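Step one of this worksheet: look at the structure below.
The numbers here are math on the coordinates, done by the rules we state, and not lab data. Given the structure is predicted, the values throughout are model-derived calculations rather than measurements. Backbone-built Cβ (ideal geometry, glycine too); neighbour counts: all protein chains shown.
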Amino acid sequence: MKNKKIILIGPIYPYKGGISHYTGLMCRELSKRHDVEMISYKMQYPKFLFHKEQRDYSNDSFKIEGAKYLLHTANPFNIVRTARYIRRKKPDLVVIQWWHPYFAPCYFLLTRFMGRQNVVFVCHNVFPHERFLLDKALIRLALSGGSHFIVHAAKEAEELTKIQANPDYVVTPHPTYNAFRFEGMGREQARETLHIGSEERILLFFGYVREYKGLKYLLRAMPKICREDEKVRLWVVGEFGTDREDYLNLIRELGIENRVQVRDAYTPDREVEKYFAAADLVVLPYTSATQSGIVQIAYGFTKPVVVTDVGGLPDVVKDGETGYIVEPENPQAIAEAAVRFFREDQAQRMQGNIEKEAYRFSWERMAEVLEGFMGE
């Protein structure tokens, strides 16, 4: 395919979070093949909606040179100006990251005023994790400006068809985040950094702690895991909300204080590597989900996973091959999967299976999917 003009819209460095990493990596891959212009936000969320710091300048490894921070998501005059700027560029494709109805008014105006364009919405989740009144109407409004859609799970495709009549979409796996291997740490080096013994068996729960992520079910699985295997430890690495004390109280009630290590803080990009390199098994005990970048970070370090049978998580895990799929809200099932993994010494075999899946989860494949929306 000859070089095409692509405009990519979404969060990138210095904005925090998985979608920022995703957009930056997508931009890098597309730029190998095409003329890509990256447009990000001059204001992403107003402070009254997002009280924590939205940016992290501590690591510029995901920085995109030449990116333009043009879009103020709450200023209609700015949005219209940005739309007209895009129209003047006459791109072959406009790719927009979608994940929350907050952006609906912004993207509705943007797509209406940029003229007739070939627009792809990359839907990280069609509906938000926490639903609210009128969200469906807002989402329908925003996505009506799309010509094509990418979703990362069959369940998300079903959600898309509820608000769009016969949408043109492709279901493709969430690509792997292998860009966190900054130092090439091995298991032992990472464990020395974190003061973890080489004989310890480490379960990792990583990322923002939210109710739907089901951490309490993993904690309730720990007493059984500990009875079966005295070498297992759980590391919980991620920012808690206002319910931090509830989780700490649960840990005390279960009597597992000496088997659970809690790191309550945002994890800068360069700090991610040591936790995944040190871990043996990554656990996502979610009660609901669309898909999760945590699985893809784990795969980037060839780490097997335990996921629950919700949303798009089963789409990216081959049960018994690259990890385990268990019933949600079931501590017994989580415990049995973890105990089985260590008892049967599955690490090396599963790591090999993850490596065989490399192309399926590659950014190269994602670029090919996007190229399919542009024709020859």
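Once each part is reduced to its C-alpha centroid, what is the distance from the range 309-362 to the range 82-107 in angstrom?
After rounding, the separation between the Cα centres reads 37 Å.
For the residues I334, I64, what sequence is obtained by ranking on other C-beta atoms within 10 Å, fewest first?
I64, I334
Return the Rg/Rh ratio of the range 301-376 with Cα-based radii and a Kirkwood Rh.
Here the Rg-to-Rh quotient is 1.11.
Which entries of K5/K63; K42/K63; K216/K274; K231/K274; K2/K356 show an alpha-carbon separation above 26 angstrom in the structure shown?
In this structure, K2/K356 lie more than 26 Å apart at Cα.
In Å and on Cα atoms, what radius of gyration and Dmax does the range 1-140 show?
Rg then Dmax for the range 1-140, in Å: 14.8, 45.
What angle, in degrees between 0 and 90 and rounded to the nearest 10, separates the Cα long axis of helix 347-356 from the longest principal axis of the Cα atoms of the chain?
Approximately 20 degrees, to the nearest 10.
Helix-derived [θ] at 222 nm for the chain: sum -39500 (n - 2.57) over DSSP H runs of at least 4, divide by residue count, nearest 500?
Helices in the chain give a 222 nm mean residue ellipticity of -11000 deg cm²/dmol.
List the chymotrypsin sites (Phe, Trp or Tyr not before Pro) within the range 25-70 that fall in a DSSP loop (any state other than H, G, I, E or B) and whose Cβ has at most 11 other Cβ atoms within 10 Å.
Answer in residue order: F48, F50, Y57.
Looking at (i) 75, 57, 30; (ii) 64, 42, 40; (iii) 59, 52, 50, which value of Cα extents along the principal axes in Å comes from a calculation on the structure shown?
(ii)
If the range 26-108 were replaced by its equivalent ellipsoid, with semi-axes equal to the square roots of 5 times the Cα gyration tensor eigenvalues, what would those be, largest first, whole Å?
Ellipsoid half-lengths, sorted descending, are 22, 19, 11 Å.
If I fit a long axis through the Cα atoms of helix 104-113 and take the longest principal axis of the Cα atoms of the chain, what angle between them do I get, 0 to 90°, rounded to 10?
Helix 104-113 sits roughly 30 degrees off the main axis of the chain.
May I ask you to sort K4, K68 by Cβ crowding, counting other Cβ atoms within 10 Å and putting the fewest first?
If I rank by nearby Cβ atoms, fewest first, I get K68, K4.
Any chance you could list the semi-axes, whole Å, largest first, of the equivalent ellipsoid that the Cα gyration tensor gives for the range 170-234, using √(5λ)?
One finds semi-axes of 25, 22, 11 Å for the range 170-234.
Whole Å is fine, so just give me how far the alpha carbon centre of the range 187-213 lies from that of the range 226-286.
Cα centres, the range 187-213 to the range 226-286: 7 Å.
How high is the FRET efficiency from D229 to F48, r the C-beta distance, R0 45 Å, rounded to 0.05?
After rounding, the FRET efficiency stands at 0.45.
First check a/c for the range 1-49, with a ≥ b ≥ c the square roots of the eigenvalues of its C-alpha gyration tensor; if it is under 1.5, answer rounded, and if not, answer prolate when a/b is larger than b/c or oblate otherwise.
Because a/c hits 1.5 or more and a/b exceeds b/c, the range 1-49 counts as prolate.
In whole percent, what relative contact order does the range 77-210 give with Cα contacts below 8 Å and a gap of six or more residues?
Computed over the range 77-210, the figure is 19 percent.
DSSP loop (so not H, G, I, E, B), at most 15 other Cβ within 10 Å: list which chymotrypsin sites (Phe, Trp or Tyr not before Pro) in the range 124-199 pass both filters.
Those that pass, being in a loop and sparsely packed, are F132, F182.
I need the Kirkwood Rh of the range 112-271: take the reciprocal of the average 1/r across all distinct C-alpha pairs and report it in angstrom.
Mean inverse Cα-Cα distance, inverted, gives 19.4 Å.
Can you list which of the trypsin sites (Lys or Arg not before Pro) found in the range 95-148 are DSSP loop residues with at most 14 other C-beta atoms within 10 Å?
Passing both the DSSP loop test and the Cβ count: R116, R131.
Given contacts defined as C-alpha pairs under 8 Å and at least six residues apart, what's the relative contact order of the range 164-248, whole-number percent?
Relative CO of the range 164-248 lands at 32 percent.
Cα axis of helix 154-163 to longest principal axis of the chain: angle in degrees, 0 to 90, nearest 10?
40
What Kirkwood Rh does the range 187-356 have if only Cα atoms enter the pairwise 1/r average? Answer in Å.
15.8
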